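Below is one structure, written out as structure tokens; comments come after it.
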Amino acid sequence: MSVSVLSPSRLLGGVSGILQVTSLLILLLLLIKAAQLYLHRQWLLKALQQFPCPPSHWLFGHIQEFQHDQELQRIQERVKTFPSACPYWIWGGKVRVQLYDPDYMKVILGRSDPKSHGSYRFLAPWIGYGLLLLNGQTWFQHRRMLTPAFHYDILKPYVGLMADSVRVMLDKWEELLGQDSPLEVFQHVSLMTLDTIMKCAFSHQGSIQVDRPSDPTEEGSTTEGGGAGEDQEEEALGFSGHPPLGQRAPGLPRPCWCSGWTCFRNHLDQMPYTTMCIKEALRLYPPVPGIGRELSTPVTFPDGRSLPKGIMVFLSIYGLHHNPKVWPNPEVFDPSRFAPGSAQHSHAFLPFSGGSRNCIGKQFAMNELKVATALTLLRFELLPDPTRIPIPMARLVLKSKNGIHLRLRRLPNPCEDKDQL
């Protein structure tokens, strides 16, 4: 008796054969991929043999060392131990070389290497392909078209809009002063900056800060902040012996905070000590911890060490700013580092990056920082909450893990004409 062509045993035999062939193909592909990863890792090890680093796991790299938001502390340790640069193994076959020496960074910033796609590609669906993500000729054309919009004279009229946004924030703080708890200022400052951008870039007529209802949980979370001491408010607005911000000559009364921005709109470039304090704060806590680049051609650094094409380098702005070889006592807040004529390495100050791809909005940002600092210190004294210290953590931008809490003390308004109120 003949067996049917479609008998179950024959079908099972055919399926089993297909599964065996498929399994062999998958195994072969896995072996090929494993061989490629092994060869690539050996190439990386040879390429990076001039750059020592702490021992790494063959598969997990240095990931385990950077858990629990310890990245910034680990960077500081590496800066002290390894000169100029140090590889950071992300996993077995992926590595980036962290640079924290100004001369090394100058070499990279003077080139036209593209930004690392791995670090920024997830931003594309959110912000699109603008100046941040573009490379090559397209980026150059966009940059050249937008640069005139950020000229100093063009930005000057925006100072009034910045002051309006800051004043709305400070008015909200006035309302919250009755609470016997520190104020979490991160959300307030974030809304204020968004408000400023909406007004300056999109001619928004309202106020994001007013339109958005307050979240009671934001007003008294757990953190710590830093601020000026009791006798530092006047000093923070000018050099010792110089008139405070907004005064045209010694002996004049301190400008009233309710009179708006007219008292200093033409004097943003005459705030030397405030500018020094802002720069020193940005040195200690750079907004962007680092910038990734992928080498399009080999590079040789001033000390003779080199890296081949295809290596990803990471310009660690945080590491540079905490490098004791560049900044003596880097953890100490010392605005005199940026005093005119200072012998320290002011060229290493890169809060807005450098080279051809430096931040196009750096002048806008500095104006906003000066306006916000001046108006705030004219109106409030900022005291830290010693029980809740901010914990910096590195993400796309540097931020505090537990918010920023300050205790505010209202300063007397020096207005003599009470009708101004």
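Quick rundown of the values:
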{"item": "Total residues in the range 95-140, condition in contact (Cβ under 8 Å) with a residue 40 or more places away in the chain, basic (Lys, Arg) and within 20 Å of Arg395 (Cβ to Cβ)", "result": "2"}
{"item": "Cβ-Cβ under 8 Å pairs, at least 6 apart or on other chains, the range 398-420 side farther than 18 Å from Met169 by Cβ and modelled with pLDDT under 90, far side open to solvent by less than 80 Å² (accessible area, probe 1.4 Å) and in a helix (DSSP H, G or I)", "result": "Cys415/Cys258; Cys415/Ser259; Gln420/Cys258; Gln420/Ser259"}
{"item": "Residues within the range 97-125 that are aromatic (Phe, Trp, Tyr) and modelled with pLDDT of 80 or more, tallied", "result": "2"}
{"item": "Criterion (open to solvent by less than 80 Å² (accessible area, probe 1.4 Å), without any contact (Cβ under 8 Å) to a residue 12 or more places away in the chain and out of contact with any strand residue (DSSP E or B) (no Cβ under 7 Å at 6 or more places or on another chain)) met by exactly one of Glu77, Glu65", "result": "Glu65"}
{"item": "Condition check for Phe82: touching a Pro at 6+ places or on another chain (Cβ under 9 Å), hydrophobic (A, V, I, L, M, F, W, C) and open to solvent by less than 30 Å² (accessible area, probe 1.4 Å)", "result": "no"}
{"item": "Test: Pro87 is part of a strand (DSSP E or B) and either at pLDDT 90 or above or open to solvent by less than 80 Å² (accessible area, probe 1.4 Å) (or both)", "result": "yes"}
{"item": "Tally, over the range 286-336, of residues that are closer than 16 Å to Leu396 by Cα, open to solvent by 30 Å² or more (accessible area, probe 1.4 Å) and among the charged types (D, E, K, R)", "result": "0"}
{"item": "Residue check for Arg305: of a type in the set (D, E, K, R) and farther than 24 Å from Tyr104 by Cα", "result": "no"}
{"item": "Residue satisfying all of: in the range 262-285; of a type in the set (D, E, K, R) and open to solvent by less than 20 Å² (accessible area, probe 1.4 Å); farthest from Phe51 (Cα to Cα) among these", "result": "Glu280"}
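For every residue, the table says whether it meets (1) in contact with a Gly (Cβ under 6 Å, 6 or more places away or on another chain); (2) open to solvent by 60 Å² or more (accessible area, probe 1.4 Å); (3) farther than 26 Å from Lys401 by Cα.
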{"position": "Trp139", "(1), (2), (3)": "no, no, yes"}
{"position": "Arg143", "(1), (2), (3)": "no, no, yes"}
{"position": "Arg167", "(1), (2), (3)": "no, no, yes"}
{"position": "Trp173", "(1), (2), (3)": "no, no, no"}
{"position": "Leu176", "(1), (2), (3)": "no, no, no"}
{"position": "Pro182", "(1), (2), (3)": "no, no, no"}
{"position": "Gln187", "(1), (2), (3)": "no, yes, no"}
{"position": "Ser190", "(1), (2), (3)": "no, no, no"}
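The values are calculated or read from the model by the stated rules, or taken from the named source; none is laboratory data. Note that the structure is predicted; figures quoted are calculated from it, not measured. For neighbour counting, all protein chains shown are included, and Cβ atoms are generated from backbone atoms with ideal geometry for every residue, glycine included. To get the accessible areas, we keep the full protein, side chains included, count just its heavy atoms, and leave off ligands, DNA and RNA. Shrake-Rupley method; radii C 1.70, N 1.55, O 1.52, S 1.80 Å.
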